[in-house]
Amino acid sequence: MSFASLGLRTELIRAVTEKGYRIPTPIQRQAIPAILEGRDIMGGAQTGTGKTAGFTLPLLQRLMRPAGAVKRKRVIRALVLTPTRELAAQVSDNIGAYAKYLPLKSAVVFGGVSINPQIRKLRSGLDILVATPGRLLDHLRQNTADLSQVEILVLDEADRMLDMGFIRDIRRLLALLPKQKQTLLFSATFSSAIKQLADDLLNRPTLIEVAKRNTASAQVNQVIHPVDKKRKRELLSYLIGSNNWQQILIFTRTKHGANRLTEQLNKDGISAAAIHGNKSQGARTKALAGFKAGKVRALVATDIAARGLDIAQLPHVVNFELPNAAEDYIHRIGRTGRAGNEGQAMSLVCVDELKLLKDIERLIKRSLPKVVIKDFEPDLSIKPEPVNKGRGQQRSQKKPRHRNTQYQQRGA
Ligand code: AMP
């Protein structure tokens, strides 16, 4: 099975070949022909499955007018909505790469950066716009974007958009789009809210589901290391050092926890940077670039900040703390083992988190192997305490209270 046999034009095949793709992934095999036919799509796919190319390639092809068609002014004919700035930037980069040999123009708009360069790009005329909902609404309010000619709408990571509270923004945006259009909805999970949105939006959609719903990627080697809370940082530094890991993505529950752990790792001689919602866009981009370039060994992230991060062949993901929502575990470990590469996902679990671990194992329908690391055996006399939920961590700017002894290094 080749990209050519899916009916893609030569300019697109040339572009994907240059990216090094030889065979389409399962979601691409299913999505590309259906989208080319003009069908609506309900896609259940995690990141790492190749879903971005799965919708972008046929979208680009559909935007190409038949040869000889009258040339009109450029108007936005495809709109891709994503939950986070990082995902928006990545989708936009992909569109740029796949459209390399086509005369189509695209741009990306998201919040946290100056609006004026975006306005200039929008004025210059675009075929494709990638956007986060909030900033797009700002543009619409200022009349700097026109969505009245949109032919194809993509909602990427729709579940996360709902989790982040974007439903009202999305509904507002939908009201401004033409009724008649092709809609492609992608979501890693299918809550009743997603089903409701799909019912309202999609017209006899083709259902595409790769990796079974709510199952973690089979390519990822998962393990639990039981350890006391106050020794987690020490164990983490030990694992990184003794295994000589060079590129590790680490998850914490809170922004404060991410900052704190980053500082501690740096003190341990492991170059680390934090990426979370309180960091400026510039700082986030810089941290990610340093990580990709190998200058930063450990990237410490909160769940939302990490959504959509596309880092090729990320070998190790560490859950320094388990997520409050079991589904986030699947998103987190989806950062490794991408597109055919084996990955390793480790979770450092203290007694307080055993309930969260149970929820995860129930969701993925299997129990995860537990490996106690020598000299880090948990102290069985410690009683569980409620976990710090880090409530409002993703959106509120409130400084978290902290009484922190938990990461202090022992004997150092
Ligand atoms: P995505 O699920 O869209 O985030 O894609 C995950 C990763 O797989 C990205 O780094 C893509 O560049 C890569 N990728 C997508 N399609 C293919 C393919 N057919 N062959 C190899 N790699 C791919």
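The values are calculated or read from the model by the stated rules, or taken from the named source; none is laboratory data. Computed from a prediction, not measured in an experiment: that's the story for all the values here. Methodologically, a virtual Cβ is constructed for each residue, glycine included, from the backbone with ideal geometry; neighbour enumeration extends over all protein chains shown. For accessibility, only protein heavy atoms count, side chains too; no ligands or nucleic acids. Shrake-Rupley method; radii C 1.70, N 1.55, O 1.52, S 1.80 Å.
Report in % the part of the accessible area of the chain that belongs to carbon and sulfur, leaving out ligands and nucleic acids; probe 1.4 Å.
Within the chain, the accessible surface is 50 percent carbon and sulfur.
If one computes P(r) from the Cα atoms of the range 4-209, what percent of pairs lie at distances over 25 Å?
In whole percent, the share of Cα-Cα pairs in the range 4-209 beyond 25 Å is 32.
When the expected Rg is taken as 2.2 N^0.38 Å, what fraction or multiple of it is the alpha-carbon Rg of the range 170-329?
Here the Cα radius of gyration is 1.26 times the empirical estimate.
Accessible area per residue of the chain at 1.4 Å probe, in Å²? It would help to have the intermediate numbers written out before the result.
Values: 19070 Å² over 412 residues.
Ligands and nucleic acids excluded, the figure is 46 Å² per residue.
Name the most mobile residue of Pro369, Pro323, Pro58, meaning the one with the largest mean-square fluctuation, in a Gaussian network model of the chain with Cα contacts below 10 Å.
Between Pro369, Pro323, Pro58, it is Pro369 that shows the largest mean-square fluctuation.
Pull up all non-local amide H partners of Ala272: gap of 5 or more, or a different chain, and H-to-H distance under 5 Å with H placed in the peptide plane.
Here the answer is Asn266, Arg297, Ala298, since their amide H atoms fall under 5 Å of that of Ala272.
Of the residues Thr285, Thr252, Thr84, which exhibits the maximal mean-square fluctuation in a Gaussian network model of the chain defined by a 10 Å Cα contact cut-off?
Ranking Thr285, Thr252, Thr84 by mean-square fluctuation puts Thr285 first.
Using Cα pairs closer than 8 Å and at least 6 residues apart in sequence, work out the relative contact order for the chain, in percent.
Averaging sequence separation for qualifying contacts and normalising by length gives 18 percent for the chain.
Using modelled amide H (1.01 Å from N, peptide plane; none on Pro or chain starts), what sits under 5 Å from the amide H of Arg335, excluding residues fewer than 5 places away?
Under 5 Å from the amide H of Arg335 lies no amide H from a residue far enough along the sequence or on another chain.
Please list, in order along the range 255-268, the HN-Hα scalar couplings obtained from phi with the Karplus expression 6.51 cos²θ - 1.76 cosθ + 1.60 (θ = phi - 60°), rounded to whole Hz, x for Gly and Pro.
Coupling constants for the range 255-268: 5, 4, x, 5, 4, 4, 5, 4, 4, 5, 5, 4, 5, 7 Hz.
Find the percent of Cα-Cα distances in the chain that exceed 37 Å, and round it to a whole number.
Roughly 24 percent, once rounded to a whole number.
Between the range 232-303 and the range 19-33, what is the C-alpha centre distance in whole Å?
33 Å
What FRET efficiency, computed as 1/(1 + (r/R0)^6) with R0 = 22 Å and r the Cβ-Cβ distance, is obtained for Ile23 and Met64, rounded to the nearest 0.05?
Approximately 0.40, to the nearest 0.05.
For Phe251, what residues show an amide H to amide H distance below 5 Å, using hydrogens built from the backbone and excluding near sequence neighbours?
Amide H neighbours of Phe251: Ala301, Val318, Asn319, Phe320, Glu321.
How much length is gained if the chain between Ala289 and Leu380 is pulled fully straight, taking 0.36 nm per residue apart and subtracting their Cα-Cα distance, in nm to one decimal?
Answer, rounded to one decimal: 28.6 nm.
Which of these, Arg233, Arg172, Arg65, has the largest mean-square fluctuation under a Gaussian network model of the chain (Cα springs below 10 Å)?
Of Arg233, Arg172, Arg65, the most mobile in the Gaussian network model is Arg65.
Filter the cross-link list Lys121/Lys195; Lys230/Lys355; Lys51/Lys279 down to pairs whose alpha-carbon distance in this structure exceeds 23 Å.
Violating the 23 Å limit, Cα to Cα: Lys121/Lys195; Lys51/Lys279.
Of Lys105/Lys286; Lys181/Lys365; Lys286/Lys358, which sit over 30 Å apart, Cα to Cα?
The pairs that break the limit, which is 30 Å between Cα atoms, are Lys181/Lys365; Lys286/Lys358.
Debye calculation, C-alpha points only, no solvent: report log10 I(q)/I(0) for the range 9-108 at q = 0.23, 0.24 Å⁻¹, in the same order as the q values.
For the range 9-108, the Cα-only Debye profile gives -1.50, -1.61.
Residue-wise, which Karplus ³J(HN,Hα) couplings in Hz belong to the range 347-364, taking 6.51 cos²θ - 1.76 cosθ + 1.60, θ = phi - 60°, and x for glycine or proline?
These are the phi-based 3J(HN,Hα) values: 10, 8, 10, 9, 4, 5, 9, 4, 5, 4, 4, 4, 4, 5, 5, 5, 5, 8 Hz.
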